[in-house]
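The values are calculated or read from the model by the stated rules, or taken from the named source; none is laboratory data. This is a predicted model, so every value here is computed, not measured. In this analysis, Cβ positions are derived from the backbone assuming ideal geometry, glycine residues included, and neighbour counts consider all displayed protein chains.
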Amino acid sequence: MISVENITVSIGSKPLLENVSVEFEPGKLNLIIGPNGAGKSTLIKVISKQLVPKTGTVCFGKSDLQSISHSNLSVIRAVLSQNIDLAFPLTVREVVMMGRYPHFTEKPGKKDEDAIEHAMKFFDAWEMADRNYMSLSGGEKQRVHFARVLAQIWFPVPDNYRYLILDEPLTFLDVYYQYQFMNKIRELLQREDLVMVGVVHDLNLAARFADQIVLLHQGKVVVAGEKEKVLTIENIKQVYQLEPKIHTSENIMHLLF
Amino acid sequence: MNYLKSRHTLGLFVLLILLIVTFLLSLCFGAISISLHDIYDAVYKILTAPDQLSLVQRIFIDIRLPRAIACVVVGASLAGSGVLMQALFRNPIVEPGLIGTSSGAAFGASLYFVLGASLKFTASEWTLPIAACIGGVISTSLVFLLAKNKVHGKSSVTSLLLTGIAINAIFLSAVGFFSYLARDPQARSITFWNLGTLSGASWHSVAIMFISTTLCFLAARRYTKQLNALMMGEEEAFFIGVDIRKLKLIIMVINVILVAVATAFVGVISFVGLVVPHLLRLSFGSDNRFLLLASALLGGVLLTLADLVARLALAPAELPIGIVTALVGVPAFIVMLRKSNYYF
């Protein structure tokens with residue numbers, strides 16, 4: 001699991017995160033929501049070790065994130081961001097194989113080939129394996145990157161959790177792909193050693209797919225916990241300054257603004 | 001085995017054959033022709049009775065052979081450094097000279113031509129290469145120091161490129177100033193050197209270039225995987241375990257050595273570093289693990305051919321090789337770009 005304790009991050013005198021403490025448990029889909037400028041990306045950057053916080057600690061399992069080396073971290077933790085593009089032409093297979101780079105030095109082994117095949121099949125990218133990445137559509141490209149990050153942590157790590165961090169991975173996708181990806185992500189949760197943390201903008205996606213939600217506002221945690229506890233009319237009104245109507249049909253929450 | 005991998009293997013094999021063929025061609029043809037039999041005989045004699053070599057065989061051993069090897073080594077260095085720079089800057093229009101190395105080397109060389117003439121100091125075989133090498137290292141370090149961001153102490157790719165353009169402009173105008181100052185023979189040397197020539201290749205220079213180039217390639221090979229990761233951007237590369245700062249530093253150092261040493265001995269040769277990696281990308285994709293090796297081979301092939309043309313076109317006079325690489329390389333490149341569906 002990931003435990004974030006008393007994190008404070010500021011640029012100049014402006015605090016981006018203030019005394020943030022949250023926990024992300026394995027086997028659950030943890031989503032971070034909040035309006036623009038709430039500190040979602042900053043929190044993701046801290047968890048993915050791109051930013052070192054001024055105070056506070058982040059622990060992956062029992063070890064402090066700052067004490068885990070780059071190479072050890074890249075074997076257990078994968079990060080997917082939005083809208084990645086390539087500078088040069090490569091085949092889809094080569095792009096997905098990049099996810100295995102932390103695992104081999106010279107040439108990919110049998111295990112690496114297996115991992116990319118399974119990951120590509122899981123995200124329906126296997127048929128595109130020999131195509132030029134640059135000729136793909138936006139949705140197809142993101143499928144390739146989903147496969148790449150999944151390949152990176154495909155095999156369980158002995159005595160350790162695996163971590164998948166999703167930094168607004170759905171931003172440039174249409175509704176069809178958004179739902180398709182979220183369903184696939186939920187399918188991944190069957191692996192009990194997988195800790196998943198993501199940022200999404202769309203509250204309805206969060207309402208439908210999340211287990212646990214952290215609601216951020218102005219660098220602070222407003223509320224965190226089960227989605228029914230977080231997504232209430234009062235909380236959303238306080239943070240987004242809009243009053244939603246909440247419908248529940250067939251056990252799925254819908255927010256209307 | 002997948003389709004691309006076997007294609008890569010085949011590509012390397014074909015390039016190797018091409019290299020051997022062009023190498024033999026460049027041994028045989030020139031101001032005088034040397035037959036394969038002479039070559040065989042010369043190699044045999046050098047091992048058994050070195051004092052019985054005929055004149056033609058002497059020319060082969062002392063001039064033709066080191067020159068042919070120099071072509072391969074310089075072509076390999078320039079093309080390989082093109083691959084490294086394009087990968088590091090994530091930009092297909094980058095060439096080795098872009099971060100100031102070759103203009104600095106040109107500056108060092110022209111300073112030597114002008115000062116050497118007016119101060120009449122005794123110069124050895126090594127003075128020119130050393131002057132060029134120092135010039136190249138100074139200009140590249142300048143680019144680095146000036147491109148560093150004051151706030152976070154890191155240099156972004158854009159600032160490196162822009163600073164490189166500025167430093168190039170300064171050093172090239174200094175070279176222009178020197179050729180304006182210089183009297184006729186020195187001015188001609190400066191011009192000729194700036195267009196590149198392999199006529200000065202000796203066994204000493206070949207040995208140095210060969211050793212430094214080989215070491216650079218061996219070092220660079222270890223980082224090709226990380227350079228691939230960099231194609232997705234620095235953040236993504238970081239997520240798959242690449243230490244970006246270290247990678248940048250190492251690749252820059254390797255590049256400076258490759259370019260400065262090659263430029264120091266043969267002058268400025270343009271377009272090879274830009275064109276060769278592209279020609280390969282067009283049909284083999286951009287996996288740097290393949291590109292680095294293949295570019296070395298193709299760079300060797302193309303520079304050897306260019307040198308042959310330079311020697312034969314106006315024989316017995318010689319064209320500067322830089323003119324040949326530009327005249328032949330650029331149209332071929334444009335045709336290939338227009339023919340292919342190349343995505344940027």
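Of the residues screened, B:VAL253 is not one that is at pLDDT 85 or above, more than 14 Å from chain A (Cβ to nearest Cβ) and closer than 22 Å to B:ILE190 by Cα.
One residue stands out in segment B:131-158 among those that are loosely packed, with under 14 Cβ neighbours inside 10 Å and among the aliphatic types (A, V, I, L, M): the one that is modelled with the highest pLDDT, namely B:LEU145.
Checking the condition in contact (Cβ under 8 Å) with a residue 12 or more places away in the chain, away from chain A (no Cβ under 14 Å) and in contact with a Phe, Trp or Tyr (Cβ under 7 Å, 6 or more places away or on another chain), which residue from B:GLY104, B:GLY108 passes?
Details: B:GLY108 fails: in contact with a Phe, Trp or Tyr (Cβ under 7 Å, 6 or more places away or on another chain).
Selected residue: B:GLY104, the only one of B:GLY104, B:GLY108 that is in contact (Cβ under 8 Å) with a residue 12 or more places away in the chain, away from chain A (no Cβ under 14 Å) and in contact with a Phe, Trp or Tyr (Cβ under 7 Å, 6 or more places away or on another chain).
Within segment A:44-63, if we keep just the residues that are of a type in the set (Val, Ile, Thr) and either in contact (Cβ under 8 Å) with a residue 24 or more places away in the chain or assigned to a strand (DSSP E or B) (or both), the residue that is farthest from A:ALA78 (Cα to Cα) turns out to be A:THR55. Based on this model, can you work out whether B:ARG222 counts as within 14 Å of chain A (Cβ to nearest Cβ), surrounded by fewer than 23 Cβ atoms within 10 Å (Cβ to Cβ) and of a type outside the set (A, V, I, L, M, F, W, C)? Criteria met by B:ARG222.
Test B:VAL301 against the stated conditions and say whether it is among the β-branched types (Val, Ile, Thr) and either under 18 Å from B:LEU24 (Cα atoms) or within 14 Å of chain A (Cβ to nearest Cβ) (or both).
yes
In segment B:76-93, what count of residues is obtained for those that are outside any helix (DSSP H, G or I) and facing chain A (nearest Cβ under 10 Å)?
Within segment B:76-93, residues that are outside any helix (DSSP H, G or I) and facing chain A (nearest Cβ under 10 Å) number 3.
If the requirement is being more than 15 Å from the chain's Cα centre (by Cα), within 14 Å of chain B (Cβ to nearest Cβ) and farther than 14 Å from A:LEU166 by Cα, which of these qualifies: A:VAL22, A:VAL52? Every option except A:VAL52 fails the conditions. Within segment B:226-249, being under 23 Å from the mean Cα position of the chain (by Cα) and basic (Lys, Arg) holds for one residue alone: B:LYS248. Candidates are the residues of segment A:1-43 that are assigned to a helix (DSSP H, G or I) and of a type outside the set (Val, Ile, Thr); the one that is surrounded by the most Cβ atoms within 10 Å (Cβ to Cβ) is A:LEU43. Could you list all residues from segment A:78-108 that are more than 9 Å from chain B (Cβ to nearest Cβ), assigned to a loop (DSSP other than H, G, I, E, B) and either among the polar types (S, T, N, Q) or closer than 17 Å to A:PRO156 by Cα (or both)? Of everything in segment A:78-108, those that are more than 9 Å from chain B (Cβ to nearest Cβ), assigned to a loop (DSSP other than H, G, I, E, B) and either among the polar types (S, T, N, Q) or closer than 17 Å to A:PRO156 by Cα (or both) turn out to be A:GLN82, A:ASN83.
The set of residues in segment A:65-77 being part of a helix (DSSP H, G or I), within 9 Å of chain B (Cβ to nearest Cβ) and under 17 Å from A:ASP167 (Cβ atoms) consists of A:LEU73, A:SER74. Determine whether B:THR197 is surrounded by fewer than 18 Cβ atoms within 10 Å (Cβ to Cβ) and either within 14 Å of chain A (Cβ to nearest Cβ) or closer than 28 Å to B:ILE269 by Cβ (or both). Spelling it out, it is not the case that B:THR197 is surrounded by fewer than 18 Cβ atoms within 10 Å (Cβ to Cβ) and either within 14 Å of chain A (Cβ to nearest Cβ) or closer than 28 Å to B:ILE269 by Cβ (or both).
Scanning segment A:122-143 for residues that are assigned to a helix (DSSP H, G or I) and either within 12 Å of another protein chain (Cβ to nearest Cβ) or surrounded by 15 or more Cβ atoms within 10 Å (Cβ to Cβ) (or both) returns A:PHE122, A:TRP126, A:MET128, A:TYR133, A:MET134, A:SER135, A:GLY139, A:GLU140, A:LYS141, A:GLN142, A:ARG143.
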